[in-house]
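*Asks:* Got a structure for you, questions after.
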Amino acid sequence: MSRFTLFCLVVVAVLSLSHADSSTVEVDWDSQVAVSRTITTLQVVSNPILDRVFSNGKVNPIHDNAFTSLKNLQAEMVRFVPWFPYPWTAVAELKQPTSTSTSWNFDYVLPQFEDFMHATSDEGHTTVINFSTQPCWLFKNTDCSFPSNPDESDFGYVRGTELVDSTATDLAMYYARLISYFKNGYMVDEHGVNHTAARTFNLTYWEVFNEAEHGYTQEQYTHDYDVLVAKVRELADPQHTIKWVGIGGADPAWIPYFLNTSNHVLGEGKNTPLDFVSTHFYAGTSNRTDTTTYGPSFFAAADGFISSVRTTLLPARDKSSSPTTKLDFDELGVIMPGDNDPGHGIDADLPGLYWNAAGSMYAYLFGNFVVDGIDVLGHSQLAGSPEIPDWGIPLPQYPSVSLLSWKTGFGNARYWVLRLLIVHFAPGDRIVKTTVLTPPTPPAPGTDPFCAESVGEVYPPVFLQCNDPAAVITNIAFADWGTPQGSCPNYSISQACSTASQAAQWASDLCLGNNSCTLAPYPALGDPCVGTVKRLAVLVHCSGTQGGHSSSVPSAPVFALAVR
């Protein structure tokens, strides 16, 4: 018997309910668009809300519920990331070895890792492990201190940009020992001492590093990736059973370089495994508590990411010398402003509607990327929390990304969206032609020329359109992504931070000859000045006499996807 499922997402925060009510969905069950190969999953980031026992000795009241919730998802390709703000759980050798001793200690590393693997791998599911935090002492530093309280976050632990051993051999040996301990049940330290584990773990995928911490460039990353992978395969995985995930959510602009096999010259050279590359995306908004900002902000940012994937990331992968490398978007979510600021209270100043809006955005990303053939979509993340001093959690850890209630350990709306997708949409599903018909909205007043700007920490995409349906964009008179000076229409380039030489050609390629286009500056134009709030400024001409206008990317009130 054929199975028919209609996936329909109503985005009431973007347009009025009257628009949603008047929309219609048409499904052509005989017109196949694609066959799904997309896995919906999540990442689990170690932090105190997942402790068995807090460092003050109190038992975590939601621990069992949290890991039962994870187990009940029955997800594949689940990512586990012990992250640098908690060095005790992220690094197994916190102090530099001396001539007589080492500091290898798995007492804090193992509990959350064991509980994660018990809920996933031991149930027969694949995992992506990423102990991304390199020991600070591997880098040229004068200070590698860390909090004495394992449950206290330290966002300054990542220090140094240059390895003490520039060949990356010491770095690779750390990971070979770590992986051998997990996979083989033992490892031999720097002084020949054998450390034996109580059990072994099935490591199916290992991801190398996270978001270019330590200021990696694409060249440095590729060098260290090659050395690390080769050493692990030599000493810990001679049967080559582990598959590898590269880039680790760093700048997607690295993809052409990293997937050019001629750039892999160390270790196994051109035979270095490039099974997956990964990237990350988070939406945001300007106001944490104003629910009217959620729809326009979240979905505009999502549309920009979708556009950049289709126009930049996918072509870069497909044109590379490794076009079969798969794509793992292993951090997809929303981070609300001021998320790690203390004082938001036990509800983290997040209205109940927030969890629905954030879950809807993930479903929207799935509905688009399943058609594009993206292999893995990871919802970020299982658990976060505000500070809960009464339990022993002294500082917040991104509560807005949590899929679980930190009060109970059970799922919120984001969790149940993911559960719905895992249960009802799977690789092998036939996606059929689905059309949403929505009454048009009147265009904004037009001028010629007209300007478009995107500014702020989220960098939402902008939508350009000529008001005459028969008109086309004829000229991009100015385009810069960085810190351009001036205001519309009198922009000028800032020498301090500019991509004008690329931006004009990029915008022209996407817009000229079209009635409308969408410009999403990041990641397409990279980050020309890290740590600086940037602005996209564009000056545009249309043909005809009605001019044009810019706006945030328009989102339909109804998104639908039918699967047979």
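*Asks:* Please go through the residue pairs LYS270/LYS534; LYS183/LYS407; LYS71/LYS433; LYS71/LYS231; LYS326/LYS433 and name each one whose alpha carbons sit more than 30 Å apart in this structure. Numbers along the way, then the final one.
*Replies:* On the way: LYS270/LYS534 37 Å; LYS183/LYS407 34 Å; LYS71/LYS433 34 Å; LYS71/LYS231 33 Å; LYS326/LYS433 25 Å.
Long pairs (Cα-Cα over 30 Å): LYS270/LYS534; LYS183/LYS407; LYS71/LYS433; LYS71/LYS231.
*Asks:* Where does the charge balance sit around THR167 when Lys and Arg score +1, Asp and Glu -1, over other residues with C-beta under 12 Å from its C-beta? Kindly include the intermediate steps, with their values, before the conclusion.
*Replies:* Numbers: positive: LYS231; negative: ASP165, ASP170, ASP224, ASP226.
Every neighbour counted, the sum reads -3.
*Asks:* Could you order peptides 145-157, 372-384 by the average number of other Cβ atoms within 10 Å of their residues, highest first? Don't skip to the end; give the middle numbers.
*Replies:* Values: 145-157: 16.0, 372-384: 23.2.
With the highest mean Cβ count within 10 Å placed first, the list reads 372-384, 145-157.
*Asks:* Between ASP318 and ASN72, how many nm apart are label points set 7 Å from Cα along the C-beta direction?
*Replies:* So the two model labels end up 4.1 nm from each other.
*Asks:* Can you figure out the FRET efficiency of HIS240 with SER31, using R₀ = 35 Å and their beta-carbon distance, to the nearest 0.05? Before the final figure, lay out each step's value.
*Replies:* On the way: r = 42 Å, r/R0 = 1.20.
Efficiency computed from Cβ-Cβ geometry: 0.25.
*Asks:* Given a Förster distance of 51 Å, report the FRET efficiency between ASP390 and SER492 from their Cβ-Cβ distance, rounded to the nearest 0.05. Before the final figure, lay out each step's value.
*Replies:* Numbers: r = 55 Å, r/R0 = 1.07.
For R0 = 51 Å, the calculated efficiency reads 0.40.
*Asks:* Report which label in [x] 178, 76, 48; [y] 117, 62, 49; [z] 81, 53, 50 holds the value of Cα extents along the principal axes in Å derived from the coordinates of this structure.
*Replies:* [z]
*Asks:* A further question follows. Just the accessible area per residue of the chain, please: how many Å² with a 1.4 Å probe?
*Replies:* On the way: 22220 Å² over 564 residues.
Using a 1.4 Å probe on heavy atoms only, each residue of the chain averages 39 Å².
*Asks:* Which whole-Hz ³J(HN,Hα) couplings does the stretch 103-120 yield from phi under the Karplus relation 6.51 cos²θ - 1.76 cosθ + 1.60, θ = phi - 60°, glycine and proline marked x?
*Replies:* 10, 4, 7, 9, 4, 9, 6, 6, x, 5, 5, 4, 5, 4, 5, 5, 7, 10
*Asks:* In whole Hz and in residue order, list the ³J(HN,Hα) couplings for the stretch 33-42 that follow from phi through the Karplus curve 6.51 cos²θ - 1.76 cosθ + 1.60, θ = phi - 60°; x for Gly and Pro.
*Replies:* With coefficients 6.51, -1.76 and 1.60, one gets 8, 6, 10, 5, 10, 8, 9, 9, 7, 8 Hz.
*Asks:* To continue, here is another question. Give, as a single signed number, the net charge of other residues whose beta carbon lies under 14 Å from the beta carbon of ILE346, with Lys and Arg counted +1 and Asp and Glu -1.
*Replies:* Numbers: positive: LYS407; negative: ASP347, ASP349, GLU387, ASP390.
Net charge around ILE346: -3.
*Asks:* Give me the percent of the accessible area of the stretch 190-336 that comes from carbon and sulfur atoms, probe 1.4 Å, all protein chains in place. Display every interim value, and only then the final one.
*Replies:* Numbers: 2690 of 5420 Å².
In the stretch 190-336, the share of accessible area belonging to carbon and sulfur is 50 percent.
*Asks:* Follow-up. State the extension gain, in nm to one decimal, for the chain segment bounded by ASN514 and THR289, taking 0.36 nm per residue of separation less the distance between their alpha-carbons. Don't skip to the answer; put the middle values down first.
*Replies:* Working: separation 225, 0.36 × 225 = 81.00 nm, distance 3.79 nm.
Value of the extension gain: 77.2 nm.
*Asks:* Further, regarding this structure: Roughly how many nanometres apart are two label points built 7 Å out from the Cα toward the Cβ at TRP416 and ASN141?
*Replies:* For TRP416 paired with ASN141, the spin-label model returns 4.3 nm.
*Asks:* I need the peptides 404-411, 25-32, 475-482, 527-534 ranked by packing, meaning the mean over residues of other C-beta atoms within 10 angstrom, with the highest value on top. Before the final figure, lay out the partial values.
*Replies:* Values: 404-411: 18.5, 25-32: 12.4, 475-482: 22.6, 527-534: 14.0.
Descending packing order for the listed peptides: 475-482, 404-411, 527-534, 25-32.
*Asks:* For Cα pairs less than 8 Å apart in space and 6+ apart in sequence, what is the mean separation divided by the residue count of the stretch 148-289, i.e. the relative contact order in percent? Show your work: numbers first, answer last.
*Replies:* Numbers: 186 pairs, mean separation 32.7, N = 142.
Relative contact order, the stretch 148-289: 23 percent.
*Asks:* Next question, about the same structure. Pull up all non-local amide H partners of ALA212: gap of 5 or more, or a different chain, and H-to-H distance under 5 Å with H placed in the peptide plane.
*Replies:* Counting only residues 5 or more places away or on other chains, the set is ALA250.
*Asks:* Roughly how far apart, in whole Å, are the Cα centres of the stretch 500-519 and the stretch 381-431?
*Replies:* 38
*Asks:* Measure off 7 Å from each Cα along the Cα-to-Cβ vector at ALA477 and ASP341, then give the distance between these two points in nanometres to one decimal.
*Replies:* 3.9
*Asks:* Run the numbers for THR167 and THR196: contour at 0.36 nm per residue of separation, minus the present Cα-Cα distance, in nm.
*Replies:* Numbers: separation 29, 0.36 × 29 = 10.44 nm, distance 2.85 nm.
Contour length minus Cα-Cα distance gives 7.6 nm.
*Asks:* Still on this model: If I stretch the segment between HIS118 and PHE155 completely, what's the gain in nm (0.36 nm per residue apart, minus their alpha carbon distance), one decimal?
*Replies:* Details: separation 37, 0.36 × 37 = 13.32 nm, distance 2.86 nm.
So the extension gain works out to 10.5 nm.
*Asks:* OK, next. Among PRO85, LEU110, CYS136, whose Cα projects farthest towards the positive end of the dipole of the stretch 68-176, with charges put on the beta-carbon of Lys, Arg (+1) and Asp, Glu (-1)?
*Replies:* CYS136
*Asks:* Here's a follow-up. Among 35-48, 59-72, how do they line up by average Cβ neighbours within 10 Å per residue, starting with the highest? List each step's numbers first, then the result.
*Replies:* Numbers: 35-48: 23.5, 59-72: 17.9.
In descending order of packing, they fall as 35-48, 59-72.
The values are calculated or read from the model by the stated rules, or taken from the named source; none is laboratory data. Note that the structure is predicted; figures quoted are calculated from it, not measured. Positions of Cβ are generated from backbone atoms using ideal geometry, with glycine treated the same way; all protein chains shown enter the neighbour counts. Just the protein is used for accessible areas: all its heavy atoms, side chains included, with ligands, DNA and RNA removed. Shrake-Rupley method; radii C 1.70, N 1.55, O 1.52, S 1.80 Å.
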